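Taking it in order: structure first as structure tokens, then the write-up.
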Amino acid sequence: MWWILALIGVLTAIYWLRRRSARGRQVAKLQMAIERRVEERQRSIDGVRKSLDSIDASVRSAIQTLSFSQLVESLQEGKYSAAQALRAYQEKAIAAHEKTNCLTLFIHEAESWAAELDEKAKSSDYKKPPLFGIPVSIKECVNVKGYDQTRGYAQGLGDEAKEDATIVSHLKALGAVPFVLTNVPQSLLSYACSNPIYGTTGNPYDPTKVPGGSSGGESALIASGGSPLGIGGDVGGSIRIPCHFTGIAGIKPSHIRLSHRGTRGSVPGRPLINASDGPMAADVDTCAFMLRHMWTGDWLFSRDPYVAPVPWREEIYSSERKLIIGYYDDDKWFLPTPALRRAVQEAKEILEKAGHRLIRFDPPDVSAAFSHFVSAVSVDGGTYLLNRLDNDILDDTYKPIVRLYRIPLLVQRALSYLLRPIYPRLATALRCMPRNTSELRSVYERIELYRERFTRQMEQLGLDAIICPVQVMPAVPHDVPMKVFATVSYTGLFNLLDYAAGVVRVTEVSEEDEQALENYPVNDPWDKVVKEASKGAVGLPIAVQCVAPPFREEICLRVMREIETGVRTKTDRKH
Ligand SMILES: CCCCCC/C=C\CCCCCCCC(=O)NCCO
């Protein structure tokens, strides 16, 4: 008998040793691929830096001081060429990268695309397209032919896209010049911005803080002035949270109003909660400018039959009709810190001053909505993510979520039961992984019912739009986001509903906000993390979120723009 046990022991030991050495070989291979990419990135940056002087420094700096509308105008009028605009923004992008580590790779073909545009512009019968020569930055997970979309997984290195995503081709057809790819967190399912290939992207206001995620390379770049317009993606806040953390504007359109052909999301195959791509820029009008031109004419609708053929409605964006707008500053699931609540109040006052009617709106049962959101995002209980991460080098910032996903489902349920009296919100999150197709079906049913309930409540009040917080906190240290993933209730809700949702800067954290934070109630470990992580944030930007039902992006953008105008008027008056 003893020899059977000994044999089992020896075989098990051999199995484990072989597994360990296979894993060791795999990690070494990934590390070598990472080293090669880090060198390639440096060469790419050095190469661009060397060619900057092909354009006079005074021209570059004159272009760098232009507002977006001035840039459009001077390119249209031929005051500056596409090649000059490209060099000006390459220079700014390098400066932004040195400060924040926001870039993955420059798109070298941008130079020939700009040159082609300038060549065409020489002909008198050429009609310049509306985005002629505008440099545009692209989140790394969007396909650009010849570049890999790693989504922060080292195993994704070298897997190059065979063709451009439709949104990239569309930008090019409109005359834009996609010129650089920007960093993302590993997996994309995070609002931090760090991965084992390109490292951690910092917030331009404070490098110890996150620029947000997953479109964090975009927000850091745009907020540093390194790109006039960027493309982000959002399944739970990945456009809106980075914009809020860095003080820029952005909008997540309803899912099928833009094309997602060739953009890669965090977990493919989630039918009721899908990522939306959308614009990010220094101001609202720039986001509207891009969408207006994408939704005018037939280019998009004839290239992707899954895009709803809803054209841009200028009459809604520019309307002067007074609106009825709901507002809330606490979703009763996660209390925002003082600066975030003040931002809603200030936005409300601005809108009231502009003649709109603001009505208190209490979103129905956000605890249930958050639970549906987590179920729908983790449609397979985390299997897809864990499989990817098991074959990769795991980023530190992502470990808290991975630990939770690794807990076997039945243990998650038992823990949820035990934790309910002392840590009810974590208990909710641990209870919602679907165990089988029957549970999954009922998640979908609950989402449909929730959509109906929310929409009906808005209709009963006659609301055109809603304003509310974007998040619970201002930008936080890099290790915080995935420790308190439940703060995405404010953004994830509108992915669940598939509403149009955008954000615009309203204020910054003040000394008074920081003092008021002392009274932030701590009822469980998540509150404690939030309270600690929100300290030392004086001066950091704070945004408000504006939302409208599906396909009402023009209303959403209008509310955002009116808030932005009100904020500017207030700031001008102060100075
Ligand atoms: C057992 C509990 C597991 C917890 C599951 C966590 C689920 C959700 C966390 C969501 C964090 C979302 C951040 C924003 C992500 C985003 O919008 N990404 C864009 C992808 O294209």
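Bear in mind that the values in this text are calculations on the coordinates, not laboratory data. Computed from a predicted model, the values in this text were never measured in an experiment. Quick reminder, even Gly has a Cβ in these numbers, built from the backbone with ideal geometry, and neighbours come from all protein chains shown.
Exposure proxy check: Lys145, Lys162 ranked by fewest other beta carbons within 10 Å?
Lys162, Lys145
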Calculate log10 I(q)/I(0) of segment 118-252 for q = 0.21 Å⁻¹, where I(q) comes from the Debye formula with a single equal point scatterer on each Cα and nothing for solvent. -1.19
Dimensions of segment 324-574 along principal axes (Cα, Å, largest first)? 57, 41, 36
Give the span of the chain's Cα atoms along each principal axis, as three whole-Å numbers ordered largest to smallest. 93, 55, 48
One finds the C-alpha centres of segment 13-31 and segment 291-328 to be spaced, in Å, by 53 Å
How would you order 272-278, 76-82, 203-209 from highest to lowest mean count of nearby Cβ atoms within 10 Å? 272-278, 203-209, 76-82
Reduced to Cα centres, the span from segment 76-127 to segment 497-520 in Å works out to 35 Å
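Rounded to two decimals, what ratio of Rg to Rh does segment 366-459 give with C-alpha atoms and a Kirkwood Rh?
For segment 366-459, the value is 1.02.
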Share of Cα-Cα pairs in segment 1-144 beyond 25 Å, whole percent, is 48 percent
Farthest towards the positive end of the dipole of the chain, among Tyr191, Ala22, Leu7 and with Cβ unit charges of +1 on Lys and Arg and -1 on Asp and Glu, lies the Cα of Leu7
Students often check this: by mean Cβ neighbours within 10 Å, which of 7-13, 249-255 ranks highest, and how do the rest follow? 249-255, 7-13
Selection of GluC sites (Glu not before Pro), segment 257-322, meeting DSSP coil and at most 13 other Cβ within 10 Å: Glu320
Arranged by the count of other C-beta atoms within 10 angstrom, fewest first, what order do Trp299, Trp2 take? Trp2, Trp299
Assign unit charges at the C-beta atoms only (+1 for Lys and Arg, -1 for Asp and Glu), then state the dipole size of segment 1-145 relative to its Cα centre in Debye, rounded to the nearest 20. 1020 debye
Filter Lys172/Lys570; Lys139/Lys399; Lys353/Lys528; Lys172/Lys252 down to the pairs with a C-alpha to C-alpha distance above 29 Å, please. Lys172/Lys570; Lys353/Lys528
For a 29 Å ceiling on Cα separation, which of these pairs sit above it: Lys50/Lys127; Lys50/Lys79; Lys99/Lys332? Lys50/Lys127; Lys99/Lys332
Which of the aspartates and glutamates could a cross-linker span from Lys29 if the Cα-Cα distance has to be under 20 Å and same-chain partners fewer than 8 positions apart are dropped? Glu39, Glu40, Asp148, Asp159, Glu160, Asp390, Asp392, Asp395, Asp396
About the Cα centre of the chain, what is the dipole size in debye to 20, counting +1 per Lys and Arg Cβ and -1 per Asp and Glu Cβ, all else neutral? 1400 debye
Whole-number D in µm²/s for segment 23-310 (Stokes-Einstein; Kirkwood sum over Cα pairs; 4 °C, 1.567 mPa s): 69 µm²/s
